[in-house]
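Reading through the C-alpha cells given below for one structure.
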Amino acid sequence: MTGAPDARWTARGLRHHRCRPVLAGGPVGRRHHQGRGECRPRRDPLPQERLGAFPADPRLRGAKVKGRTATAPIKNGKLTIRLQGIDAPELHYQPSPLSAAEKKGLSDAKRQAYHEVTHPYRQFLGATTSKALHDFLSSAGEPTLACRVFTHVDAPNEVFDTYGRLVGDIEVTVAGKTIDINHWLVEQGFAYPTFYSSMNDDEIKAFLALAKPARAQKLPVWKHLAKTIPAFDFDLREPRKNETDVLATDKGPVILPKLYRRYTNWSARKKAKVTSQTFQKFLGEGSGGKPDTCYEIDDFLTNGVHSATPRNFADFVEGGKTIKFQPEGLVFGEAPSSLVGADGKPITTF
C-alpha cells in the first residue's frame, strides 16, 4: 500500500483505506470528528480503491502516534483508515516479522526457512468480499465518489489506533442513498462485526442488529463460519493482478480474521521450525509476550470496560483447534496509544 497513488484494500480484509488529507480546517465536534474526501473505484477485476481530500486538524502536521510503534498518522500525504467495528476475510496477510527474542540464537537455516514461508496469504472469501465492495462502489457509475469519514471519540488520541491508523466509518452516496460502508459490509454478510473496547455501546449495538439477519440468512461469511480451525493452507495466497479465476473456488471454512492472523503467524513459525509451541500456547502468550485481552460482550455492555472481566483470547479456543466463541461475542482490548504534536507535546484537546 505504501508509495502508490492507488492503495489496495489491505491485508486485513476490507478494513483499511488510505486517505489523502487536506490539512486545513479543524474538527467539527468533540464526539463526532469528521472529514470529507473522495473514493475512486478502479476498473481492475480485484479491488483497488483510493480516497483523497480528507480534511484534518492542522496540528496533525508532523504529529506522531506513540503506541506499539511511533508513527506519523499522515505518511506521504495520506492517512490509513481502519474501518471501525468490522473484520473481513483476509486477502493478503503476511506473517509478522520475527521478534528480537525469536531471532536470538536462531540458525541461519531457520531464518531462511522462515523467509521462504513469508508470503501474503488469504482466507476463503477474501477475494469474493473485496470484489463485492469494488462492484458496489463502481455501480455508482462515477470515477470519483464523494465520501465522509467520521469517528466517535472523547479525546484526540482516540482518533488513531496503536499503529497510527484513523479508526472510523466511511460514508458514500450510491444511487441517491447515503451508505455507511462499515454497516453495508456487515449487512451484506461480507464482514464479521468485530468489536474493540474503544467503541461505544451504540456503535456495538448497531452492528449487532445488522449482523443478526445476515447470520439468519446465512450470507457469505456466516454460511462459511467454521467451528474448528482448519489446517493452514500455504497454497492459498494473495491473487496476482488480473488473477480472477480464484473467485470460482473462493469458498471454504472461514474463521474470525483476527484469529486467522494469529494462526498464520504461528503456522509460518511452526513450518520453519522457529517455534515448537502448540498453537494454543502461542495464542495464550500473545505477540511479544502480550496476550490479546478481550471481554465477553454481555459483560462489556453491562459493566463497561473498567469493570468487565478481562479475559485472554486463548480462553475461547480449546486445544488449539475448537472455537468456543462467536465473532460478535467478544470485545477486544484496544491497545493504548498517544498522539503528540511536532513539538513533542501531547495533543489533548480538539
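The values are calculated or read from the model by the stated rules, or taken from the named source; none is laboratory data. Source: prediction; values computed, not measured. Heads up: the accessible areas ignore ligands, DNA and RNA and are worked out on the full protein's heavy atoms, side chains in. Shrake-Rupley method; radii C 1.70, N 1.55, O 1.52, S 1.80 Å.
Things worth noting here:
- The fraction of accessible area contributed by carbon and sulfur in segment 90-199 is 52 percent, rounded to a whole number (1.4 Å probe; ligands and nucleic acids excluded).
- Segment 151-235, accessible area per residue, ligands and nucleic acids excluded (1.4 Å, Å²): 43
- Segment 174-195 and segment 268-305 have Cα centres lying 28 Å from one another.
- Accessible area per residue for segment 248-350, computed on protein heavy atoms with a 1.4 Å probe, is 49 Å².
- Hits among lysines - C-alpha to C-alpha of K212 under 17 Å, sequence gap 8 or more where chains match: K223
- Heavy-atom SASA rank of T244, T178 (probe 1.4 Å, accessible area, largest first): T178, T244
- Solvent-accessible area, 1.4 Å probe, carbon plus sulfur percent, for segment 246-350: 51
- Percentage relative contact order, segment 277-350, counting C-alpha pairs under 8 Å, at least six apart: 31
- Centre-to-centre, using Cα atoms only, segment 211-228 and segment 232-263 are separated by 17 Å.
- R111, R262, reordered so the largest accessible area comes first (probe 1.4 Å): R111, R262
- At the residue level, Y93 shows approximately 20 square angstrom of accessible surface with a 1.4 angstrom probe and all protein chains present.
- Rolled with a 1.4 Å probe across the full set of protein chains, the surface gives V117 an accessible area near 20 Å².
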